[in-house]
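The values are calculated or read from the model by the stated rules, or taken from the named source; none is laboratory data. Everything numeric here is computed off the predicted structure, so don't read it as measured data. Positions of Cβ are generated from backbone atoms using ideal geometry, with glycine treated the same way; all protein chains shown enter the neighbour counts.
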Amino acid sequence: MDISLNVNGSDRQFSAEPGELLVERLRDGLGLTGTKVGCDTGQCGTCVVRLDGRSVKSCLVLTASAAGSEVTTVEGLTPPGGELTGLQEALRQEHGTQCGFCTPGMVMALGELVDKAAQEGTAPTEPEIREWLTGNLCRCTGYHSVVRGVQRACAASAAGRQDG
Amino acid sequence: MILTELDYVRPAGLDEALALLAGTRGARVLAGGQSLLPDLRSGADTARLLIDVRRLAELRGITRTGTGELRIGAATPLADLAADPEVLARAPELAAAARANGDPQVRNLGTAGGNLLAAGRPTDLPVAAIAAGARVELAGPGGRRTATAEELAAAGAPPGSILTALLVPATGPAAAFEKTADRATRYPVCAAAVRITADGVRVAVTGATARALRLRDVERRLAAGGDHSTEAVLAAFRAEPRSLFVPGPGTSAEYLGHLAGVLTARALARAAASA
């Protein structure tokens, strides 16, 4: 099938099998290997990307079904060598990146939560952050530092709004 | 990659989708795909043609009908259902059940219709739809008809039909949903939904039972006793036949019957408090 997809701001045209999954196109077709494959069954969340703004598991989306949409992967958040996003920087400062394998998925999933909070001018509570993480599995150490990273990112974003 | 031979089509409208479904062997409706795609990959399910209805305007959105119902398009994502102000105010058990499914990413793509039709999976929406006294709208080769959520949970959608909407009586806040989730799968060990109406309470349970069920005998016992205390609710559940509760890994029928009673009592207390 002929597919047209906007990935990280660039229009891409290619041919894909109807049974191809979005994560396979991103990694194998477009070389965007920041998106990981962990479980391959929709449980671990390492393959989370934004699809038309919403966080989704790219192993549970057909490339064909995503056609015509805008996809953002972790590579699309900041140019190579560019500054980290507020969430990425806060996760780094709170040691929330751990071994790093689950991090791209967490950044893409949590980005939606942080963006929503910024739009609404609110900050998520700790239970809300933990609930938002139910789709992202970390097998290293746990979630405390990740939760602190989100809290730091939301606080920095709120302070930025006040300064602005 | 789905390794079996497969075609994909995005129909322009519902009529085209129905024609494709009627005219193609092995055709399946694809909406959010959050259950169907993993099943196609594992071989647990099969399809020769996927008819993608996710973007069909006729299947999306939440509106108030002239008769005071909420019409929830079948392709509405669970995340939208969980956050909709009208649903939260007028059918809170439905919003809570939508929010209880899976995780945020699954709720972003998973749809109301897919959740109601996830045969064999103890999803959370059917039990809330039954307690709410909801109906579903089905489009098929013979035209459109409605069925109750209870009938849908019992029999599924007829072959060749597409679930187009969920119709929920928007009767207000006196309703609640409670769930004990399996830690790994997020599916309910047991979930209960209740709605308090002028005619009494409606009680529905899933997870602990073979499928989402309305428990009319429990409702009758509660109405006869006029008492919704935890003890009264537990007694009403103890009077149910043990065979109603289907043990799973690490659970017994006795435990599930007790859990169903506890969750129902909690839901009734919350529903009464918000009435």
If I go through the stretch A:124-146 residue by residue, how many of them are of a type outside the set (D, E) and touching a residue at least 24 places away in the same chain (Cβ under 8 Å)?
11
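Taking into account only those residues within the stretch B:183-226 that are part of a loop (DSSP other than H, G, I, E, B) and without any contact (Cβ under 8 Å) to a residue 12 or more places away in the chain, which is farthest from B:P85 (Cα to Cα)? Steps first, please.
If we filter the stretch B:183-226 for residues that are part of a loop (DSSP other than H, G, I, E, B), which is where we start, we get B:183-187, B:198-199, B:207-208, B:210-212, B:215, B:226.
When the remaining residues are screened for being without any contact (Cβ under 8 Å) to a residue 12 or more places away in the chain, the result is B:183-185, B:198-199, B:226.
Numbers: B:R183: 29, B:A184: 30, B:T185: 28, B:A198: 24, B:D199: 26, B:G226: 32 Å.
Result: B:G226.
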Pull up the stretch B:53-70, narrow it to residues that are under 19 Å from B:A95 (Cβ atoms) and not acidic (D, E), then point me to the one that is modelled with the lowest pLDDT.
B:G68
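Matching residues to (1) among the polar types (S, T, N, Q); (2) away from chain A (no Cβ under 14 Å); (3) in a helix (DSSP H, G or I):
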site: B:E86; (1), (2), (3): no, yes, yes
site: B:A96; (1), (2), (3): no, no, yes
site: B:R99; (1), (2), (3): no, no, yes
site: B:G102; (1), (2), (3): no, no, no
site: B:Q105; (1), (2), (3): yes, no, yes
site: B:G113; (1), (2), (3): no, yes, yes
site: B:R121; (1), (2), (3): no, no, no
site: B:A128; (1), (2), (3): no, yes, yes
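Quick one: which of B:I62, B:I51 is more than 10 Å from chain A (Cβ to nearest Cβ), touching a helix residue (DSSP H, G or I) at 6+ places or on another chain (Cβ under 7 Å) and surrounded by 23 or more Cβ atoms within 10 Å (Cβ to Cβ)?
After applying the criteria, what remains is B:I51.
Report yes if some residue within the stretch B:161-182 is under 29 Å from B:P247 (Cα atoms) and without any contact (Cβ under 8 Å) to a residue 60 or more places away in the chain; otherwise report no. It would help to see each step written out before you state the result.
Within the stretch B:161-182, the first condition is being under 29 Å from B:P247 (Cα atoms), and the residues that meet it are B:175-182.
Next, from what is left, pick out any that are without any contact (Cβ under 8 Å) to a residue 60 or more places away in the chain: B:182.
So far as the stretch B:161-182 goes, yes, one or more of its residues are under 29 Å from B:P247 (Cα atoms) and without any contact (Cβ under 8 Å) to a residue 60 or more places away in the chain.
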Contacts under 6 angstrom Cβ, first residue in the stretch A:24-47 being in the same structural domain as A:G9 (by TED's automatic domain parsing) and without any contact (Cβ under 8 Å) to a residue 24 or more places away in the chain, partner surrounded by fewer than 19 Cβ atoms within 10 Å (Cβ to Cβ) and in a loop (DSSP other than H, G, I, E, B), 6 or more apart:
A:R27/A:T33
Would you check which residues across the stretch A:74-131 are surrounded by 22 or more Cβ atoms within 10 Å (Cβ to Cβ), β-branched (V, I, T) and more than 13 Å from the chain's Cα centre (by Cα) and list them?
A:I129
